[in-house]
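Heads up, the thing below is written out as structure tokens.
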Amino acid sequence: MQAVRIRVPATSANLGPAFDCAGLALSCWDSVDVAVTDGGLDVTVTGAGAGELPTDERHLVVRAFRAASAELGWTPPGLRLSARNGIPQGRGMGSSAAAVTAGVLAAWSLCPDVAGVDDAAVLRLCSEIEGHPDNVAPCLLGGATLSWTTPSGARAERLTVDPRVAPVLFVPSGTLSTHVARGLLPDAVPHADAAHAAGRSALLVHALTREPGLLFEGTEDRLHQAQRAPAMPESAALLAALRADGHAAVVSGAGPCVLALAVLGHDEHAGDPGSAAEVRALRRSTPEGWECRALRVDHTGAVVAPLASDHDPVSF
């Protein structure tokens, strides 16, 4: 192949207590076309981040592509990249993980020396570039994922999410640096808080996959959300209000987005999640200046398709 189109989903990491290990793929995507050319580098960006993201070697998709190409021992003569971004930048929706995943997958897909994409190798390299696998894993695999790191690299397992679970995302206009958010975390936590996180993380898996009625308790957190609140007071206030009303709400990744996991009725999950009773109630809680998005779980993860030309009508 000389060109590919890659679709990568937004993701929400942590999901409350499962800090740095759980993630969920969401029905919001970036689409990236990558083509090998005779020489040079041509980068265009439309959608989220247009006019702000670099369009040279600093672009994260390009950097990830170069890292993967180097690992594969391959140097393409030139590269053309066209990114159509639907994932907001700097909001805790995994935009950097999506870019890294797209770049690494493009290199694996276009390299003439490999027969196909090795998901385990892609996960490992993406996690090394990102720093941790919690967003990369659901972006690559779809659904909900549990990820961990071994001496040989990152690993992950995919969970099938109960169809009654409906993600509702509250998106503010402001951004927050993940580096800043991590800097607010303490070096040590009380034993009781660690034990609480272990129990709630286990319950979260059961709630996501089998019993959504337990999501409220399964998303209780003591490890990171309150500690990061000073950097995002509006998010913290919304989170507190939503949980006071009984919604299973969490900070999405490092924030400032807030994610609520609504539970659809048995007669609601086959239709538009936006019309479900809990989703309508959540919409009414949207603060002024924020956007409320009723989404679905992306069960597919990253998708790669061959691209015959710039005008190829490939759709996913």
Once ASP56, ASP193, ASP113 are ranked on solvent-accessible area with the largest value leading and a 1.4 Å probe, the list reads ASP113, ASP56, ASP193
Just how many % of Cα pairs in the chain lie over 32 Å apart, if you round to the nearest whole percent?
26 percent
Ignoring ligands, DNA and RNA, what accessible area per residue does the chain give at 1.4 Å, in Å²?
42 Å²
Gaussian network model of the chain, Cα springs within a sub-10 Å range: biggest mean-square fluctuation belongs to which of GLU234, GLU288, GLU220?
GLU288
With -39,500 (n - 2.57) per DSSP H segment of 4 or more residues and division by the full residue count of the chain, the 222 nm estimate, nearest 500 deg cm²/dmol, is -9000 deg cm²/dmol
Rounded to the nearest 20 debye, what is the charge dipole size of segment 111-211 about its Cα centre when +1 sits on each Lys and Arg Cβ and -1 on each Asp and Glu Cβ?
280 debye
Could you pull out every residue, at least 5 positions away or on a different chain, whose amide H is within less than 5 Å of the one on ALA10? Hs are placed 1.01 Å off N in the peptide plane, and Pro or chain starts have none.
LEU26, CYS28, TRP29, ASP30
Under the Karplus curve 6.51 cos²θ - 1.76 cosθ + 1.60, θ = phi - 60°, whole-Hz ³J(HN,Hα) for segment 102-117, x wherever Gly or Pro sits
4, x, 5, 5, 4, 5, 5, 6, 8, 5, x, 9, 10, 7, x, 7
In debye to the nearest 20, how big a dipole does the chain give about its Cα centre with +1 on each Lys and Arg Cβ and -1 on each Asp and Glu Cβ?
300 debye
Can you list the HN-Hα couplings for segment 82-96, worked out from phi with the Karplus curve (6.51, -1.76, 1.60; θ = phi - 60°), rounded to whole Hz and with x for Gly and Pro?
10, 10, 10, 9, x, 8, x, 8, x, 10, x, 10, x, 5, 6
Once Lys and Arg get +1 and Asp and Glu get -1 on their Cβ, which of SER177, VAL205, ALA229 lies farthest toward the positive end of the dipole of segment 161-277?
SER177
What's the carbon and sulfur percent of the chain's accessible surface, probe 1.4 angstrom, rounded to a whole number?
53 percent
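The values are calculated or read from the model by the stated rules, or taken from the named source; none is laboratory data. None of these values were measured; they are calculated from a predicted model. Glycine gets a Cβ as well: all are built from the backbone with ideal geometry, and neighbour counts include every protein chain shown. Protein only, heavy atoms only, side chains kept; ligands, DNA and RNA dropped before computing areas. Shrake-Rupley method; radii C 1.70, N 1.55, O 1.52, S 1.80 Å.
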